[in-house]
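Read through the structure below, which is laid out as structure tokens, and then see the notes.
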Amino acid sequence: MPATLLQDGLVVFSKRACPTCVLIENEMQRAVREARNFQIVSQDDPRFPAQVDAIVDDRELDLSWTNHIELMPTLIRFEAGREAERVVGWDREAWQRLTGIADLGAQHPKLQPG
């Protein structure tokens, strides 16, 4: 059975081979713990980020292709199964706003391309 994405919530597409994804690994872990309805899709390693139990394995890239993912990380907010907003790369203010975690990534640059 193919993996499914959240119908309502935040989905981040990531991969271990992405330097920006590695930079924000702790932020993704924190978002899984603290944000409501947060899901991680990994293109290359379903164990990345570490210490996250439910990571969607997308090594076949089916979900990435369907959702037009070109750069990592890509954070998408879904409402009723439809994309409502997309952030490509690390944009601290956008990630803070979408996750509701006011100090998320405070130690990182404001912007970091994917």
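Please go through segment 66-114 and write out the trypsin sites (Lys or Arg not before Pro) that DSSP classes as loop and that have at most 10 other C-beta atoms within 10 Å. If you can, show how the numbers build up before the last one.
On the way: sites: 77, 82, 86, 92, 97, 110; in loops: 110.
When the trypsin sites (Lys or Arg not before Pro) of segment 66-114 are filtered for loop state and at most 10 Cβ neighbours within 10 Å, 110 remain.
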Accessible area in square angstrom per residue, segment 20-114, 1.4 angstrom probe: 56 Å²
Just for the chain, what percent of DSSP beta bridges are antiparallel, to the closest 5? 60 percent
Residue by residue, what Karplus-based ³J(HN,Hα) values in Hz, rounded to whole numbers, does segment 18-27 have, using 6.51, -1.76 and 1.60 with θ = phi - 60° and x for Gly and Pro? 9, x, 5, 4, 5, 4, 9, 3, 5, 5
Cα gyration tensor shape of the chain, rounded if a/c is under 1.5, else prolate or oblate by comparing a/b with b/c: rounded
Using a 1.4 angstrom probe on heavy atoms only, work out the carbon and sulfur share of the accessible area of the chain in %. 48 percent
5 angstrom amide H check on residue 74, placed H, neighbours 5+ away: 13, 89
Determine the relative contact order of the chain: mean sequence separation of Cα pairs under 8 Å and six or more apart, normalised by residue count, in whole percent. 30 percent
Whole-Hz Karplus ³J(HN,Hα) for segment 91-101, in order, using 6.51 cos²θ - 1.76 cosθ + 1.60 and θ = phi - 60°, x for Gly and Pro? 10, 3, 5, 5, 5, 4, 5, 5, 7, x, 9
Tell me, what ³J(HN,Hα) does each residue in segment 75-87 have, in order and in whole Hz, if you take phi through Karplus 6.51 cos²θ - 1.76 cosθ + 1.60 with θ = phi - 60° and put x for Gly and Pro? 9, 10, 9, 9, 10, 6, x, 10, 5, 10, 7, 9, 10
So if a site counts as exposed when it's one of the GluC sites (Glu not before Pro), its DSSP state isn't H, G, I, E or B, and it has at most 16 other Cβ atoms within 10 Å, what's the longest stretch of the chain without one? 1-59
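The values are calculated or read from the model by the stated rules, or taken from the named source; none is laboratory data. The structure presented is a predicted model; accordingly, all values stated were derived computationally and were not measured. Neighbour counts run over all protein chains shown; Cβ positions are idealised from the backbone, glycine included. Ligands, DNA and RNA are excluded from the accessible area calculation, which covers all protein heavy atoms including side chains. Shrake-Rupley method; radii C 1.70, N 1.55, O 1.52, S 1.80 Å.
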